[in-house]
Amino acid sequence: MHAYRTHTCGELKKQDVGAQVRVSGWVHRVRDHGGLLFIDVRDHYGLTQCVIEPENAEFAKAEAARAEWVVRVDGRVDARSGDTVNTNLPTGEVEVRIASLEVLSQAPELPLPVFGEPDYPEDIRLTYRFLDLRRETLHANIMKRADIIASIRRRMTDGGFFEFQTPILTASSPEGARDFLVPSRMHPGKFYALPQAPQQFKQLVMIAGFDRYFQIAPCFRDEDARADRSPGEFYQLDIEMSFVEQEDVFNAVEPVLRGLFEEFGGGHPVTQGFPRIPYWRSMRLYGCDKPDLRNPIEMSDASHHFRGSGFKIFASLLDKHDKGREWFDNAEVWAIPAKGGGSRAFCDRMNSWAQGEGQPGLGYIFFREGEGAGPIAKNLGETVTQQLRQELDLHDGDAVFFVAGVPKDFAEFAARARVKIGEDLELTATDRFEFCWIVDFPMFEWDEEEKKVEFSHNPFSMPQGGLEALETKDPLEILAWQYDIVCNGVELSSGAIRNHLPEIMNKAFEIAGYDRAVLEEKFGGMLRALTFGAPPHGGIAPGIDRIVMLLCGTENIREVTMFPMNQQAEDLLMGAPGEVSARQLRELHVRLNLPASEKE
RNA sequence: GGGGGUGUAGCUCAGUUUGGUUAGAGCGCUGGCCUGUCACGCCAGAGGCCGCGGGUUCGAGUCCCGUCACUCCCGCCA
C-alpha cells in the first residue's frame with residue numbers, strides 16, 4: 001500500500017463502498033459527539049468525512065486531533081444512510097470508517113482559521129500566506145489562474161505563436177516608470193534594471209525573424225500600489241507579430257480573449273465582435289478611454305441648446321470660452337441622460353453627490369406629466385426643454401443631467417457621474433463581459449507642466465500617415481496606430497503597430513523634443529536594429545492579473561496572486577526587502593547613504 | 001510625497017455622539033456532557049496597555065495634540 005494514500009480526499013464515491021482505503025490530508029473540522037466523532041479530512045482535491053467510535057483503540061488519537069493537523073487515515077468506505085447523505089459534498093454519499101489514524105504533523109492554535117474563511121486582516125493573511133492559501137476561495141482563485149494560464153498557452157500555441165524567454169537582468173530604460181536596479185559586482189558603479197516590460201526585446205525578436213512571439217512575461221515597475229495593481233511586479237501576456245497591420249493583431253488576439261472569457265467566465269455572455277471606438281469618440285460618449293459598455297448611457301453635446309439661452313450660468317460660460325482649440329479651450333455643455341431617474345429625490349441626491357466630489361453641483365431636468373421640471377427647465381423654456389427631451393428620447397419618469405465647462409477639465413467628472421447614474425438606477429448590467437477596442441489614440445499630447453509636446457503613449461508606435469504626417473500636420477492632430485482593449489471598464493491591455501523605420505523614429509523623437517544624440521544614447525541598440533532590415537510589426541500585451549481578477553470577480557489583485565507584497569511593497573512572509581551583510585555590499589561596491597530619520 | 005478611513009479579546013465588531021460603577025457580543029480557544037453530525041448542540045472557563053506617547057480633567061476606550069500601523073485614493077504607472 002502507498003505510504004500516504006490510495007485515494008485523494010475528493011475521490012471516494014458510492015462505487016468505492018466496501019473498499020479498504022488510505023487517505024491523507026489536513027484536519028478541516030472535527031465534530032465530537034462523545035459517542036461518535038467525525039473528522040473532515042481535506043486535501044487539494046476535496047473533503048472526506050471520516051468517522052470513529054470510542055470503542056476503537058485509535059479513538060484517543062482521533063480525539064486529540066486539532067484543526068490543520070496533517071493525518072493519515074486507514075479504513076473502509078461505508079455508504080451513508082439516506083438521511084445522513086450530504087448533498088453539498090461530492091463525496092457526501094460515503095464516509096471512511098476509521099480503522100487506524102496516524103498524525104503526520106501537528107499545528108498550534110491558528111493565527112487565522114482555514115475553515116469558514118472569515119475576513120481577516122491582510123497583514124496576518126500575508127504573514128501566514130501558506131494558511132491563507134489553504135482557504136477555499138483563494139485556493140480556487142489560484143487554481144483558476146493556473147487553468148487560465150494553461151489555456152492561454154494552448155490558445156497562443158494553436159494560433160501559431162512561439163513562447164520565448166527574454167532577459168530579467170537588462171538595462172534601465174529612460175522613460176516610463178521607475179526601474180528596479182541591481183548593482184553589478186563585475187562592473188563597479190554600474191547597474192542592471194529589471195524590465196518594465198519586454199518591449200524592446202520582443203521587437204528585436206521580430207527583427208530577428210521569429211515572426212510570432214508570446215510570453216507570460218513578468219514585468220517590474222517601482223511604483224506605488226493600488227487595489228488593482230501590485231507594487232513591483234505583475235504579468236503580461238506579451239504578444240508581437242511580424243508583417244501585420246492593426247487588423248491582423250485584432251484578428252489574432254480577439255478570439256483568444258473571447259475564448260478565454262467564454263471558458264472561464266461562468267457562462268456570462270461575452271462580446272462577440274469587439275466594437276472599435278476611436279479615442280476621441282470614447283472621450284465624448286463616455287468621458288474616458290476605458291468605458292464600461294455594460295452601462296448603456298451615452299453622453300452628448302447639448303451646447304447649442306444653452307448658447308444664448310435663459311439659463312445664464314451656462315450661456316455666459318459658453319460665451320466666455322469660445323475661441324481656442326476644441327476640447328482644450330472651448331466650453332461645452334454635456335447631457336447625461338438618466339432613464340428612470342426622473343424624481344426630485346434622485347436628482348437632488350446626484351446633486352449632493354456632485355458637491356461631495358468637489359463640484360459646484362450637477363444641473364438637471366426631470367420629466368413628469370409631459371413637461372420638464374427643475375430650475376434649468378424653468379430658465380430654458382418649454383420649447384427648448386421639449387427639444388432636448390425628444391433629442392435624448394426621454395419620457396416621463398426620466399431625467400437628464402448637465403455638466404458644463406471645458407471638456408478636458410470636466411470629462412473625468414462626467415465619466416464618474418455616468419458610472420454612478422448607471423449603477424444607482426441599475427441601468428448597468430452586471431452579468432456579462434463587454435469588450436471593446438479603443439483605437440486611434442493621439443500620437444502626442446500637450447504637457448501642461450513642461451509646456452511641450454510629449455509622447456502620449458508608446459514612443460515606438462507608428463504614427464498614422466507615417467513620415468508625411470509628422471512633417472506636415474499639427475503634432476497634436478496626429479493619430480497613432482495605438483490601441484487598447486477594455487473589458488467592463490477595465491483597461492486590459494494596450495498595444496501598437498510599431499515604428500520600424502529609423503527616419504520616422506528620428507522625426508517623432510524630434511517632435512517630442514529629444515535630439516538625435518539622446519535618442520542614440522538611450523535607444524542605440526534598438527535604432528541600430530531598425531537599420532538592418534526590420535519587418536513591419538506590432539503587438540499587444542494584455543495584463544494577466546487583471547484578466548484573472550475579472551474572471552474571479554474580485555477587485556483586489558492580492559486575491560489572485562499567490563505571494564503578493566503589501567501596499568508598502570513588503571513581503572511579510574519572506575521578509576523582503578531586507579538588509580544585507582556588509583560583505584555583500586562591499587562586493588557590490590555599494591555604500592549606504594540613508595535618510596536622516598533612519599540613520600540611527 | 002499628499003489626502004480620507006480604520007485601530008477595543010486570537011478574529012469580526014458594539015461601546016466614542018453627551019467623559020462617570022466591574023469594557024460587552026458572536027466566532028475561535030480550553031475543559032465537561034452528548035451515537036449521525038457536516039456552520040453539530042448544551043454547560044462552564046480562560047483571554048483586554050481600548051495601537052503607542054503626551055495633554056485637559058476629580059475622573060479618559062470616550063475630548064485635544066502628536067505618532068505608528070493597516071487600508072483606500074491622488075501623485076506615479078513609456
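The values are calculated or read from the model by the stated rules, or taken from the named source; none is laboratory data. Since the structure is predicted, the reported quantities are computational estimates derived from the model, not experimental observations. Using ideal geometry, Cβ is built from the backbone for each residue, glycine included, and neighbour counts are taken over all protein chains shown. The accessibility values were calculated without ligands, DNA or RNA, using every heavy atom of the protein model including side chains. Shrake-Rupley method; radii C 1.70, N 1.55, O 1.52, S 1.80 Å.
Key figures for this structure:
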| item | result |
| --- | --- |
| Unique match (being more than 10 Å from RNA strand B (Cβ to nearest atom), in contact with an Asp or Glu (Cβ under 7 Å, 6 or more places away or on another chain) and small (G, A, S)) among A:A79, A:A99, A:A57 | A:A99 |
| Count of residues meeting criterion [within 7 Å of RNA strand B (Cβ to nearest atom) and more than 15 Å from A:V114 (Cα to Cα)] in the range A:32-54 | 9 |
| Search result, residues across the range A:111-121 that are under 23 Å from A:E570 (Cα atoms) and either touching a helix residue (DSSP H, G or I) at 6+ places or on another chain (Cβ under 7 Å) or of a type in the set (S, T, Y) (or both) | A:P111, A:L112, A:Y120 |
| Selection within the range A:546-568 - open to solvent by less than 10 Å² (accessible area, probe 1.4 Å) and in contact with a strand residue (DSSP E or B) (Cβ under 7 Å, 6 or more places away or on another chain) | A:I547, A:I557 |
| Residue check for A:D78: at pLDDT 95 or above, acidic (D, E) and under 23 Å from A:F130 (Cβ atoms) | no |
| Subset of the range A:10-45 (residues that are out of contact with any helix residue (DSSP H, G or I) (no Cβ under 8 Å at 6 or more places or on another chain) and part of a loop (DSSP other than H, G, I, E, B)) | A:G10, A:E11, A:L12, A:K13, A:V17, A:G18, A:A19, A:H33, A:G34, A:G35, A:L36, A:Y45 |
| Residue in the range A:545-568 that is within 13 Å of RNA strand B (Cβ to nearest atom) and assigned to a strand (DSSP E or B) present | no |
| Residue within the range A:443-457 that is at pLDDT 90 or above and out of contact with any Pro (no Cβ under 8 Å at 6 or more places or on another chain) present | no |
| Elements of type helices (runs of 4 or more DSSP H) in the range A:349-452, at least 2 residues being under 18 Å from A:K339 (Cβ atoms) and open to solvent by 20 Å² or more (accessible area, probe 1.4 Å) | A:382-391, A:407-424 |
| Filtered residue count, the range A:243-296, keeping only those that are crowded, with 20+ Cβ neighbours inside 10 Å, more than 29 Å from A:L476 (Cβ to Cβ) and over 20 Å from the mean Cα position of the chain (by Cα) | 1 |
| Close pairs from the range A:221-237: first closer than 17 Å to A:Q199 by Cα, partner within 6 Å of RNA strand B (Cβ to nearest atom) and open to solvent by less than 50 Å² (accessible area, probe 1.4 Å), Cβ under 6 Å, at least 6 apart | A:R221/A:A177; A:R221/A:Q196 |
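Conditions (1) at pLDDT 95 or above; (2) more than 10 Å from RNA strand B (Cβ to nearest atom); (3) more than 18 Å from A:R528 (Cα to Cα), marked per residue:
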{"site": "A:F191", "(1), (2), (3)": "no, yes, yes"}
{"site": "A:Q200", "(1), (2), (3)": "no, no, no"}
{"site": "A:G209", "(1), (2), (3)": "yes, yes, no"}
{"site": "A:R212", "(1), (2), (3)": "yes, yes, yes"}
{"site": "A:F220", "(1), (2), (3)": "no, yes, yes"}
{"site": "A:D224", "(1), (2), (3)": "no, no, yes"}
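One line per residue, one yes/no per condition, for (1) under 41 Å from the mean Cα position of the chain (by Cα); (2) modelled with pLDDT under 95:
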| site | (1), (2) |
| --- | --- |
| A:M1 | no, yes |
| A:C9 | yes, no |
| A:D16 | no, no |
| A:S24 | yes, no |
| A:Y45 | yes, no |
| A:Q49 | yes, no |
| A:E68 | yes, yes |
